[in-house]
Amino acid sequence: MIRRSAYIALVFGLFLTIFEVVRNWGHWLPWPFWLVSFITAGALIWGAIRTLYQGSSRMLSAAWGVTVGIFWMSYFTHVQVLVEGVGVHKGEGPMTLVMGLMLIVAIAGLLLSLTRRTI
């Protein structure tokens with residue numbers, strides 16, 4: 001289970017990096033908003049590699065926990081914008097859906113990283 005979480009973290013971290021660059025290309029938000037995504041992606045990748053090579057899942061679990069927190073806030077902020085209908089940007093609906101799916105994957109990754117089975 002822990003190895004599965006590590007492989008998911010590798011894919012998730014790479015996807016998050018690419019998604020953040022594509023999403024912001026040409027109109028970057030202030031640096032704290034996008035830098036946190038790169039830090040999170042790096043932590044997931046580092047935690048995954050460390051777990052796969054050393055068997056320790058502490059960093060991986062911590063990275064997943066931060067990822068869940070970030071995506072929780074982001075997802076529900078976007079949902080609130082859609083519900084209120086104020087300040088809705090083009091593509092807000094599909095982006096909110098993608099963020100919701102990523103939140104679900106992050107929660108699953110966190111739960112998998114907390115198991116004791118290494119197979």
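In the range 17-40, which residue that is surrounded by 14 or more Cβ atoms within 10 Å (Cβ to Cβ) and closer than 13 Å to residue 64 by Cα is modelled with the lowest pLDDT?
Ranking the candidates gives 37 first.
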- Message: I need the full set of residues from the range 54-78 which are exposed (fewer than 14 other Cβ atoms within 10 Å of the Cβ) and touching a Ser or Thr at 6+ places or on another chain (Cβ under 7 Å), in order please.
- Response: 55
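Of the residues 69, 85, only one is without any contact (Cβ under 8 Å) to a residue 12 or more places away in the chain, within 25 Å of residue 22 (Cβ to Cβ) and out of contact with any strand residue (DSSP E or B) (no Cβ under 6 Å at 6 or more places or on another chain); which? Quick ask: steps written out before the conclusion?
Values: 85 fails: within 25 Å of residue 22 (Cβ to Cβ).
Answer to the check: 69.
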- Query: Taking the range 55-100 as the search range and keeping residues that are assigned to a loop (DSSP other than H, G, I, E, B) and out of contact with any helix residue (DSSP H, G or I) (no Cβ under 7 Å at 6 or more places or on another chain), which one is nearest to residue 45 (Cα to Cα)?
  - Reply: 55
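The values are calculated or read from the model by the stated rules, or taken from the named source; none is laboratory data. The structure displayed is predicted, hence computed values, not measured ones. In this analysis, Cβ positions are derived from the backbone assuming ideal geometry, glycine residues included, and neighbour counts consider all displayed protein chains.
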